[in-house]
Amino acid sequence: MGTLRPWARFPLLVAAHLLALGIGAAVLQALEGPPALQLQAKLRAELAAFQAEYGACLPPGALEELLGTALEAQVHGVSSLGNGSESRTWDLPSALLFTASILTTTGYGNMAPLSAGGKAFCVVYATLGLPASLALLAALRCCLLPLLSHPGAWVAIHWQLAPERAALLHAAGLGLLVAGTFVLLPALVLWGLQGECDLLEAIYFCFSSLSTIGLGDLLPGGSRGLHPVLYHLGQLALLGYLLLGLLAMLLTVETFSELPQVRVMVKFFGSSGLLTAEDQGGILGQDELVLSTLPPSAAAPEQAATC
């Protein structure tokens, strides 16, 4: 690919992205199409059985109208089912979780404003709140990234690794730590506390939350019969999990994006010129970050050995 003309690199990247979209759509269609059809057939069969048994007692179209009203309310997070903890959708814990889902762009979709004033406020709130959240995350990133570089510097000193290999090992270790702390461990806790979902569904929820996909098909605390206090504590715990987990994900993505190997690839597709020697082996932004904490006494032998 080194001989590929500069003007052909970006269309190649776009074509690869479109191919990935097509493959993903085909796989999901093959996996999810049959279960969806089975669920639709089961729903139609139960509806037909209900109408056959109680249809004489109901006016024509009454059941469809009731179901339509219930489904429309469910879209906005309003439900008459449950023991009362799930029906109060706009209490303080639920409102805090909703605002956090706006500012983190997670958007679970389990709640939505009903009034025109609420929708207008969401627009203004997101317009002002999203830049403020990004500024806060940028400030935290600048403060925490140098601290996270200390383990990489220790490994580079004691194992006498090359800067590129030390940066790669540091990024891999940080990725495993974040995956275990913010994906696997919360999934195990969620699996143990909420018996309605299995471990795979719990991992799926944690990943969709931290990646800000927020599909909304799973949400902790939605099980029937849950005590209102536990329900609200679960919402507050989810609020803290979102804020801390997204910060950890941002630091991990930033660490991987600064790897020399990644920057060379980005430079290859984004630059219109040839790759320079600096791009090939001298993009040491992450390496300088890792090795910036080396004491002068430890850095001097390295420089003497290279002379």
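Could you tell me how far the Cα centroid of the range 234-271 sits from the Cα centroid of the range 107-180, in Å?
Taking the Cα centre of each part, the range 107-180 and the range 234-271 sit 5 Å apart.
Express in nm, to one decimal, how much length is gained between residue 164 and residue 112 on full extension, taking 0.36 nm for each residue of separation and deducting their alpha carbon distance.
Numbers: separation 52, 0.36 × 52 = 18.72 nm, distance 4.72 nm.
That pair, residue 164 and residue 112, stretches by 14.0 nm at full extension.
In what sequence, largest accessible area first, do 201, 72 appear using a 1.4 Å probe?
I get 72, 201, largest accessible area first.
Accessible area per residue for the range 141-181 in Å², computed with a 1.4 Å probe and the full protein assembly in place, what is it? Can you show the working numbers first?
On the way: 2410 Å² over 41 residues.
Accessible area per residue, the range 141-181: 59 Å².
Given the whole protein assembly as supplied and a 1.4 Å probe, what does the accessible area of residue 232 come to in Å², nearest 10?
40 Å²
Calculate, for residue 121 and residue 261, the FRET efficiency according to 1/(1 + (r/R0)^6) with r their C-beta to C-beta distance and R0 35 Å; round to the nearest 0.05. Don't skip to the end; give the middle numbers.
Details: r = 45 Å, r/R0 = 1.29.
Calculated transfer efficiency: 0.20.
Between beta-carbons, use under 12 Å as the cut-off and find the net charge around residue 58, counting Lys and Arg +1, Asp and Glu -1.
Numbers: positive: none; negative: 53, 64, 65.
Charge balance near residue 58 sits at -3.
With each label point set 7 Å from Cα along the Cα-Cβ vector, what nm distance links residue 8 and residue 200?
Label-label distance for residue 8 and residue 200, simple model: 4.2 nm.
Can you tell me the length gained on complete extension of the stretch residue 189 to residue 72, counting 0.36 nm per residue apart and subtracting the Cα distance?
Details: separation 117, 0.36 × 117 = 42.12 nm, distance 3.24 nm.
My answer for the length gained is 38.9 nm.
Using a 1.4 angstrom probe on heavy atoms only, work out the carbon and sulfur share of the accessible area of the range 89-268 in %.
Working: 7490 of 9790 Å².
Accessible surface attributable to carbon and sulfur in the range 89-268 totals 77 percent.
Evaluate the distance, in nm, between pseudo-label points positioned 7 Å from the Cα of residue 154 and of residue 23 along their respective Cα→Cβ axes.
Distance between the two pseudo-spin positions: 3.9 nm.
How big is the dipole moment of the range 89-268 about its Cα centre under a simple scheme where the beta carbon of each Lys and Arg is +1, that of each Asp and Glu is -1, and everything else is neutral? Debye, nearest 20, please. Can you show the working numbers first?
Numbers: 6 positive and 8 negative charges, 80 e Å.
For the range 89-268, the charge dipole is close to 380 debye.
The values are calculated or read from the model by the stated rules, or taken from the named source; none is laboratory data. Note that the structure is a prediction, hence the values are computed from the model and not measured. FYI the Cβ positions are ideal-geometry reconstructions off the backbone, even for glycines, and counts take in every protein chain you see. All accessible areas refer to the heavy atoms of the entire protein, side chains included, with ligands and DNA or RNA removed. Shrake-Rupley method; radii C 1.70, N 1.55, O 1.52, S 1.80 Å.
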